[in-house]
Amino acid sequence: MVRVFVVGVGMTKFEKPGVREGDYPEFAKEAIEKALQDSKLNINDVELATVGYVYGDSTCGQRAIYEVGMTGIPIFNVNNNCSTGSSALLIAKEFIESGKDCVLAVGFEKMDKGSLTSKFMDRTNPMDKHVTLMADLVGLNAAPITAQMFGNAGLEHMRKYGTKAEHFAKIAYKNHKHSVNNLNSQFRDEYTLEQIMKSPQVFGPLTKLQCCPTSDGAAAAIVVSERFVRSHGLENQAIEILGIEMATDTPSTFNEKSLIKLVGYDMTKKAAERLFYKTGTKPTDVQVVELHDCFSANELITYEALGLCPPGKAGEFIDRGDNTYGGKYVVNPSGGLISKGHPLGATGLAQCAELCWQLRGEAGARQVPGARLALQHNIGLGGAVVVALYAKGFPSSVGVRKTNASGNGEGFIVTPYLKILQQIMLIDNENTVDKFRGVYGLKVKKENGEEGYWVINTKTGKGTIEFNSKVKPDVTIIVNDKDIVELFGGKINPQKAFFQGKIKIQGNIGLAMKVTELQKIAKARIVDITAKL
């Protein structure tokens with residue numbers, strides 16, 4: 001089997017439609033650049049892209065990616081209703097399995113305010129069979145169609161299993177509470193259970209605070225092969241996609257006259273069972289879940305469809321707190337769609353981003369303790385569901401990731417000194433740089449294990465200094481960030497530091513010893529500015 005990994009993720013803050021400045025190309029650009037920075041890659045590393053969106057013309061994907069770079073790569077546009085983002089991810093994974101090494105999956109949406117509506121009135125609506133069946137079973141009213149569909153599924157669950165309206169409200173209470181710690185969430189307010197239950201009724205047991213909003217935003221993931229991970233030294237941040245399965249509606253969606261099945265219960269169950277079987281895992285192995293809570297009712301019935309609890313037991317599952325911190329699972333630590341927002345094309349990739357952060361241990365106040373296996377569920381009526389499992393790709397690679405989150409070296413003591421060194425090199429009228437022609441890699445380590453990497457290339461002209469350069473160095477010098485001031489200020493002799501173990505060298509040792517020439521041209525200026533930093 002070909003192993004597939006996510007090595008970089010990024011997303012915008014999700015916003016109420018019209019609040020964000022700019023258009024979908026700008027949304028996508030922000031998410032893509034964040035994913036590239038996270039992966040320490042650039043757009044030229046990407047061989048192919050899959051782009052998901054629901055509301056837009058046929059080549060919006062090209063227009064969005066062109067904001068980052070026009071590299072001539074194949075770009076595939078994907079539309080699969082609310083499961084669009086995860087569908088783009090699935091296709092990216094399949095391209096890696098077929099021989100590609102680096103694929104970009106990105107999703108975005110610029111949406112209208114208010115509830116979802118049909119855009120094409122002169123042709124068959126893809127939901128006509130679903131809506132017709134619901135109308136035959138329970139009738140229709142003036143509420144938004146999707147709220148009626150999921151609300152009716154919730155009512156059926158109440159009739160069949162004795163579930164209470166409070167159970168649906170508890171899900172919304174949980175997700176709003178989780179969102180307080182998510183800076184990317186559209187809503188970050190915490191509500192009492194009473195406030196949620198007394199907010200305006202939308203349909204059936206669903207109140208306004210139990211329904212996801214429409215949103216503008218984007219999310220992206222860099223998907224790569226194992227050989228790419230190893231050749232680029234990305235093991236420490238690589239999250240493996242253990243499996244990803246898609247399913248669509250089965251005959252039971254319509255034949256069994258069930259409102260729960262009408263909104264995708266059976267296709268979710270089918271995809272999940274296939275996923276767990278193929279990966280040799282089971283639902284109880286999972287610690288953290290991002291699932292499609294477009295309405296609280298959908299989260300409740302999805303607990304059962306995924307196998308997180310037995311059929312009919314979702315109410316007890318909720319009452320025990322098994323869906324939040326301290327319970328069996330943490331479901332939607334991001335705040336879910338209810339709070340985080342739902343820009344349709346971006347949702348599945350935002351779920352992927354959250355689970356990657358959780359498995360890396362980078363989720364901050366949202367971190368799920370001991371997260372080792374993560375489950376994703378993303379569904380679109382009409383219908384398609386994508387279910388995926390993630391785990392840390394190289395568990396033996398322990399410690400902090402190799403570069404800081406900014407992607408430009410900020411946060412290291414060495415950064416301002418390298419900027420000054422670059423200026424000194426450019427005004428080097430005596431051509432001192434000629435004395436140490438070569439390509440030097442400089443790997444700097446913080447006390448917490450975080451690493452930054454620069455390449456000082458003096459082979460041509462005045463030379464350049466570039467963060468995360470792909471230029472192969474002749475020699476790599478490894479030094480602790482705390483020793484940089486003394487090294488660049490001339491207080492530490494490089495040869496002595498090498499023998500004392502303060503500096504490690506990989507490659508041409510003779511070339512590395514020429515660093516003393518760097519000290520000579522930098523010492524006066526760097527010592528002069530030390531007191532100012």
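The values are calculated or read from the model by the stated rules, or taken from the named source; none is laboratory data. Given the structure is predicted, the values throughout are model-derived calculations rather than measurements. Positions of Cβ are generated from backbone atoms using ideal geometry, with glycine treated the same way; all protein chains shown enter the neighbour counts. When the accessible area is computed, the model is the full protein with side chains, heavy atoms only, and any ligands, DNA or RNA have been set aside. Shrake-Rupley method; radii C 1.70, N 1.55, O 1.52, S 1.80 Å.
The table that follows gives values for the structure above.
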read-out	value
Set Lys170/Lys208; Lys270/Lys340; Lys40/Lys472; Lys129/Lys340 screened for pairs whose C-alpha atoms are more than 19 Å apart	Lys270/Lys340; Lys129/Lys340
When each of Lys198/Lys313; Lys29/Lys482; Lys435/Lys482; Lys29/Lys119 is checked by Cα-Cα distance, pairs over 31 Å	Lys29/Lys482
Estimated translational D of the range 23-144 in µm²/s (Stokes, Kirkwood radius over Cα pairs; 25 °C; 0.890 mPa s)	151 µm²/s
Degrees between helix 128-138 axis and first principal axis of the chain (Cα, 0 to 90, nearest 10)	50 degrees
Residue-level accessible surface for Cys294, protein heavy atoms, 1.4 Å, Å²	10 Å²
Degrees, to the nearest 10: 344-360 long Cα axis against longest axis of the chain	60 degrees
Ranked order, Ser83, Ser118 - accessible area, probe 1.4 Å, largest first	Ser118, Ser83
Debye log10 I(q)/I(0) for the range 216-265, one point scatterer per Cα, at q = 0.20, 0.25, 0.29 Å⁻¹	-0.77, -0.94, -1.07
For the range 214-359: rounded, prolate or oblate by the Cα gyration tensor [a/c cutoff 1.5]	prolate
Signed unit charges on C-beta, dipole axis of the range 32-184, positive-most listed residue Leu183, Pro126, Val68	Leu183
In the range 154-214, trypsin sites (Lys or Arg not before Pro) in a DSSP loop with at most 14 other beta-carbon atoms within 10 Å	Lys164
Helical contribution to [θ] at 222 nm, DSSP H n ≥ 4, -39,500 (n - 2.57), averaged over the chain, rounded to 500	-11000 deg cm²/dmol
Relative packing of 42-50, 246-254, 125-133, which averages over residues the other C-beta atoms within 10 Å, highest first	42-50, 246-254, 125-133
Average Cα contact separation per residue, the range 322-368, under 8 Å, 6 or more apart, as relative contact order %	33 percent
Rotationally averaged projected area of the range 127-200 (alpha carbon convex hull; nm²)	6.4 nm²
Kirkwood estimate for the chain, i.e. one over the average of 1/r between Cα atoms, Å	24.9 Å
Sparsely packed GluC sites (Glu not before Pro) within the range 241-322, loop by DSSP, other Cβ within 10 Å at most 16	Glu256
Most positive-pole-ward Cα, Ile239, Gly312, Cys82, against dipole of the chain from beta carbon charges	Ile239
